[in-house]
Amino acid sequence: MSTTKPFKVLIAHTDVPPEGIEILKEQCEILQVINEPPKNRPEILEKIRGAHAVIWGGRDILNAEILDAAGPQLKAVSTMSSGINNVDVPELKKRGIPLGSTPAMLTVAVADLTVGLLIAAARRFQEGRRKIDSDKWDKDHLNWMLGQDIRDSTVGFYGFGGIGQAVAKRLMGFDIKRVLYTTRNRVSQDIEERFNAKKVDFETLLAESDFLIIASPLTKETLGLFNATVFNKMKETAVLVNVGRGKIVNQDDLYEALKSNRIFAAGLDVMDPEPLPSNDKLLTLDNVVVTPHVGYATRRTRVDAANLASRNVLKGLAGEPMLSPAY
């Protein structure tokens, strides 16, 4: 009795949780890279030959070179991420290869971190820690280190998809007053009623938001959108949180706005460039809280994403629609 499995799947990253890989093993021979990125591209080019599918991860680009090395039998690709910036999408479309991604698996973890950044920036966590480190804890003044209240605030969202709505759901427990959002298309009336949300133009969003959360993808329209002109239209007490993409914000302008107290504070999980150099001027400021693009980084999220990526691949191999198609 033959034990040959019908498909070969390349796991093109060393950090894919074994729970996801296990899903593939009944039908697929597993090929896995053993070298860490970014030095593993030669290994990928070698091991992908004859593969029928690939689970792709990391910052390296899956492009024509990789696809040519695989051969014409490649039938499915899935990332383990929300974004698909690491895939040459037009090239995959040209070859008729379906692409999966895993945005829904990341929503909960990113939303949790977003609330954390909002609180940390509003309540001056970074500045407070520096006061302790420098022995400047002031015990004598009642108005020392006053932050911004979340209660009764207006929370604005630039982008109000799955992550934005998950953040709004969490903030309901903080007794916020209302939600404003700017998107291309209006969300359903049910969602608006659930979150006391109203679609407004960008100018209104800037002028009325106490907290402004960027949860939008990077596009030609959003590139550098948040600049000095925008910051000058925000409240001086406003807190900006970015969990979208770093390049949506002009970081030089943000630095000036924070340094001059034109806006109150910022919380960033994404920045430009990434990794952000340890000597970046933004890090010299007290009123910015940064995390190193770890919104997705919980154990459960990684396992869930690996499981979904594997199921995407199996669907693609079967010629069926993927559970979470990227296009």
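The values are calculated or read from the model by the stated rules, or taken from the named source; none is laboratory data. Please read all numbers here as calculations on a predicted model, not as lab measurements. Counting neighbours? That spans all protein chains shown, and the Cβs are built from the backbone with ideal geometry, glycine included. Ligands, DNA and RNA are stripped out before the accessible areas are found, and what is left, the full protein with its side chains, is counted by its heavy atoms. Shrake-Rupley method; radii C 1.70, N 1.55, O 1.52, S 1.80 Å.
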Inter-label distance for ALA318 and LYS5, nm, one decimal - labels placed 7 Å from Cα along Cα-to-Cβ: 1.6
Segment 52-145: C-alpha gyration tensor shape, a/c 1.5 cut-off, then a/b vs b/c: prolate
Cα-based Rg and Dmax for segment 105-290, where Dmax is the largest Cα-Cα distance (Å): 16.1, 52
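Return one quarter of the surface area of the convex hull spanned by the alpha-carbon atoms of segment 188-327, equal to its mean projected area, in nm².
Values: hull surface 44.9 nm².
That works out to 11.2 nm², a quarter of the Cα hull's surface.
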Max mean-square fluctuation residue, GNM over the chain, Cα-Cα springs under 10 Å, options LYS235, LYS199, LYS281: LYS281
Rounded tilt (10° steps) of 103-122 against the dominant C-alpha axis of the chain: 20
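Placing unit charges on C-beta atoms (Lys and Arg positive, Asp and Glu negative, everything else neutral), compute the dipole magnitude of the chain about its Cα centre in debye, rounded to 20. Spell out each step's value before the answer.
Details: 42 positive and 41 negative charges, 108 e Å.
Result for the chain is approximately 520 debye, rounded to the nearest 20.
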Charge-dipole axis of the chain as Lys and Arg at +1 and Asp and Glu at -1 on Cβ define it, positive-most pick from GLN165, PRO103, ILE23: ILE23
Percent of beta bridges antiparallel (DSSP, segment 105-290, rounded to nearest 5): 0
Gaussian network model of the chain, Cα within-10 Å springs - most flexible of HIS13, HIS141, HIS293: HIS141
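Decide, for the chain, between rounded, prolate and oblate: order the square roots of the alpha carbon gyration tensor eigenvalues as a ≥ b ≥ c, take rounded if a/c falls under 1.5, and otherwise choose prolate if a/b is larger than b/c, else oblate.
Working: a/c = 2.32, a/b = 1.92, b/c = 1.21.
Prolate is the answer for the chain, as a/c is 1.5 or above and a/b outweighs b/c.
Contact order normalised by length for the chain, with contacts defined as Cα pairs under 8 Å and 6 or more residues apart; what percent is it? It would help to have the intermediate numbers written out before the result.
Details: 620 pairs, mean separation 66.4, N = 327.
RCO, the chain: 20 percent.
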Cβ crowding within 10 Å averaged over residues, with 33-46, 154-167 ranked highest first: 154-167, 33-46
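Keeping the other protein chains in place, figure out the carbon and sulfur percent of the accessible area of the chain, with a 1.4 Å probe.
Details: 8480 of 16680 Å².
C and S atoms contribute 51 percent here.
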Global form of segment 1-56, assessed from the alpha-carbon gyration tensor, a/c cut-off 1.5: oblate
Spin-label pair GLN32/SER134, simplified geometry with 7 Å Cα→Cβ offset, distance in nm: 4.8
Computed FRET value (nearest 0.05) for LYS198 with LEU146, which takes r as the C-beta separation and R₀ as 30 Å: 0.55
Packing-based ranking, highest mean first, of 89-99, 238-248 given that Cβ atoms within 10 Å are counted: 238-248, 89-99
Max mean-square fluctuation residue, GNM over the chain, Cα-Cα springs under 10 Å, options SER82, SER216, SER278: SER278
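Hey, can you find the accessible area per residue of segment 105-290 for me, probe 1.4 Å, expressed in square angstrom? Please list the in-between numbers first.
Numbers: 9530 Å² over 186 residues.
Per-residue value: 51 Å².
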Percent RCO, i.e. relative contact order, over segment 105-290, from Cα pairs under 8 Å lying at least 6 residues apart: 23
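Could you put TRP56, TRP137, TRP144 in order of accessible surface area, largest first, with the 1.4 Å probe and the full protein assembly present?
On the way: TRP56 5, TRP137 165, TRP144 80 Å².
Largest to smallest exposure gives the sequence TRP137, TRP144, TRP56.
Suppose R0 equals 45 Å. What FRET efficiency, 1/(1 + (r/R0)^6) with r the Cβ-Cβ distance, do LEU45 and ASP252 give to the nearest 0.05? Before the final figure, lay out the partial values.
Working: r = 38 Å, r/R0 = 0.85.
My answer for the efficiency is 0.70.
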Segment 224-327, dipole about Cα centre (Lys/Arg Cβ +1, Asp/Glu Cβ -1), debye to the nearest 20: 360
